[in-house]
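**Student:** Quick one: this structure, given as structure tokens, is what I'll be asking you about.
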Amino acid sequence: MLPAGLGAGSVDPDTALEANAGVHDWLEPLPDALTPESAVTARHSVRLAVATALQELPARQRAVLILRDVVQFSAAEVAELLETTPAAVNSALQRARAHLAELAATEDSVDEPDDAERRELLDRYCAAFENADVAALTALLRAEVKLEMPPVPVWFTGRDAVMAFLVKRAFTKAGDIVMVPTGANGQPAVAEYRRGGDHVLRAHSIHVLTTGAGGIAGITVFLDPALFTVFGMPSTR
């Protein structure tokens, strides 16, 4: 899951941030390099929102959906594996697809930028953090943007609340952050390195951006330096 699934977002930049790594099964980013190249795992199919929705499906529906639409087993094969009937498999598949289709309709109601626009947004996002440019980052965010930072359960909603938190708790002086563009879950992503007291740039977090018409609609910052290994990136620069 992601923090937004736990309750209402905060607007207070002074909210205590306590990691809850062992309490919830947090979703983790999937590097685009590891994403299978097939129609069922196209960009929208691996987005964080869709992956979260998959987690929320009942276990039987989730298993049927994966076995039928990803592994591409027949209804009879799935029925044998799950010790049920093909009719029950088809019914579960229909319900699972309907749930994901509802989510897709919500996401697709906002026009998504093309690849060139996505790359430009990503480059401007990186530059804003590296230069500690508050105005530049503010200009990139949609009014309803949300910020999540698993394993911290607190999340922020709305441009003003997100910027207030980032300025007070995340921004540092220009030159102390290096952002390396990458991709995760079919979305623009960034590996963030932060300079420590010894002046070494160390792995800090992976940012995954949700983009839409008019800018960035969501920022999910995965606060786990161990993920850099998964993304094939060094722990220091």
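**Student:** Taking θ as phi - 60°, what are the ³J(HN,Hα) couplings along region 87-93 by the Karplus curve (6.51, -1.76, 1.60), each to the nearest whole Hz, with x for Gly and Pro?
**Tutor:** Each residue of region 87-93 in turn: 5, 5, 4, 5, 5, 5, 5 Hz.
**Student:** Label-point separation (nm) for LEU6 and LYS173, each offset 7 Å from Cα along Cα-to-Cβ?
**Tutor:** Calculated label separation equals 3.4 nm.
**Student:** For the pair ARG194 and ALA127, what calculated FRET efficiency results from E = 1/(1 + (r/R0)^6), where r is the Cβ-Cβ distance and R0 = 25 Å, to the nearest 0.05? Before the final figure, lay out each step's value.
**Tutor:** Working: r = 16 Å, r/R0 = 0.65.
Calculated value: 0.95.
**Student:** For region 111-212, max minus min Cα coordinate along each principal axis, in Å, sorted largest first?
**Tutor:** 44, 28, 27
**Student:** So, one more: What is the distance, in nm, between label points placed 7 Å from the Cα along the Cα-to-Cβ direction at ALA135 and at ALA19?
**Tutor:** Here the answer is 3.7 nm between the modelled labels.
FYI, it's all coordinate maths here, none of it is from the lab. A quick note: this is a predicted structure, and the numbers were derived from the prediction, not measured. Neighbour counts run over all protein chains shown; Cβ positions are idealised from the backbone, glycine included.
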